[in-house]
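The values are calculated or read from the model by the stated rules, or taken from the named source; none is laboratory data. Just so you know, these numbers come straight off a predicted model, no measurement behind them. Heads up, the Cβs are rebuilt from the backbone with ideal geometry, glycines too, and the neighbour counts pull from every protein chain shown. What goes into the accessible areas is simple: the full protein's heavy atoms, side chains included, and nothing from ligands, DNA or RNA. Shrake-Rupley method; radii C 1.70, N 1.55, O 1.52, S 1.80 Å.
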Amino acid sequence: MELFVLGKYRTLVVKIYGELDHHKADSVRKAIDREIKRCGVINIAFDFSNVTFMDSSGIGVIMGRYKIAKSLGGSTVIYGANESVQRIIDMSGITNIVTVSDSLENGLKEAAANV
Amino acid sequence: MYKNSMKIEFLNISDNERFARCVAAAFVLELDPTMDQLSEIKTAISEAVTNAIIHGYEDREGIITIEGNIYDDTVEFIVTDNGVGIPDISRAREPLFTGKPELERSGMGFTIMETFMDSMEVESFVGKGTRITMRKRLNKVDKSEG
């Protein structure tokens, strides 16, 4: 996983590699939460373009981070999900509360327009 | 009638979630599944095993068993734990119900298993454990239909 801050947009970009299941969820969650506190960002953008598998544990991670971003007055963006990951995202209904987009740039634009 | 079967047992550590879904995927390969079907089976198995680890055994050590059976073009997986059991199965199967909200669980596990497999049965006894049986028919895709 890679984390980097886009200071201009007050956004933490979370780039996840490989599989996001219950086993991986805990370390991903902890790393993101630590970085949010440290960097003072308010938005979280998940780059799923290198995620090969995700189950409902991934949805739990996204929902938890959405709550944090919301409490800070920010929003959550997901982009780059493949077909099978997108299917889980759609089933969960989180598309009603987070912005799902094709790229980081478009996702941040759409999220800003929705605020 | 074509028939095959397998059985694996493993410790309830989360490292084995990946192991379990890879074994399940490998077991059905001879039925020539589509990529979508493989992904559905891996996800359903992952949900069942994760449930056994988080809810079945909680913090104590235990064994999870997966039995796989193939009858012609239908695969059956039986995921068993000897954990705490589910007191109210119909409530646990409700979409978005989670017994552990403090762990950021989405409550989607059973819904995913039901959606991705053709059938799913849950048998559970409090203090004894839980057994989940899932079946899926893997029809050969007619390539002419695209």
Quick P(r) readout (the stretch B:59-108; Cα-Cα; 5 Å bins; whole %) gives 5, 15, 15, 19, 23, 14, 7, 3, 0
Loop-only trypsin sites (Lys or Arg not before Pro) in the stretch B:12-105, please: DSSP not H, G, I, E or B, and at most 11 other Cβ atoms within 10 Å. B:R60
Rounded to whole angstrom, the alpha-carbon centroid of the stretch B:119-134 lies from that of the stretch A:61-115 at a distance of 34 Å
List the pair-distance distribution P(r) of chain B, using every Cα-Cα distance, as the percent of pairs falling in each 10 Å bin from 0 up to the bin containing the longest distance, rounded to whole percents. 11, 43, 33, 11, 2, 0
Here FRET efficiency (C-beta to C-beta, A:S71 to B:A26, R₀ 45 Å, nearest 0.05) is 0.55
For the stretch A:2-114, report the % of Cα-Cα distances exceeding 21 Å. 26 percent
Sticking with the crude label model, points 7 Å out along Cα→Cβ, report the distance from A:L6 to A:D102 in nm, one decimal please. 1.7 nm
Per-residue ³J(HN,Hα) for the stretch A:45-57, Karplus 6.51 cos²θ - 1.76 cosθ + 1.60, θ = phi - 60°, Hz, x for Gly and Pro: 10, 8, 8, 9, 5, 10, 8, 9, 8, 8, 10, 5, 4
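Test of understanding: express the Cα radius of gyration of the protein assembly as shown as a ratio to 2.2 N^0.38 Å, with N the residue count.
Details: Rg = 19.3 Å, N = 261, 2.2 N^0.38 = 18.2 Å.
The value comes to 1.06.
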Which value, in Å², gives the accessible area per residue of chain B when a 1.4 Å probe is used on the protein heavy atoms? 51 Å²
Near A:K30, which lysines are there with a Cα under 28 Å away, not counting those fewer than 8 places off in the same chain? A:K8, A:K15, A:K67, A:K70, A:K109, B:K42, B:K100
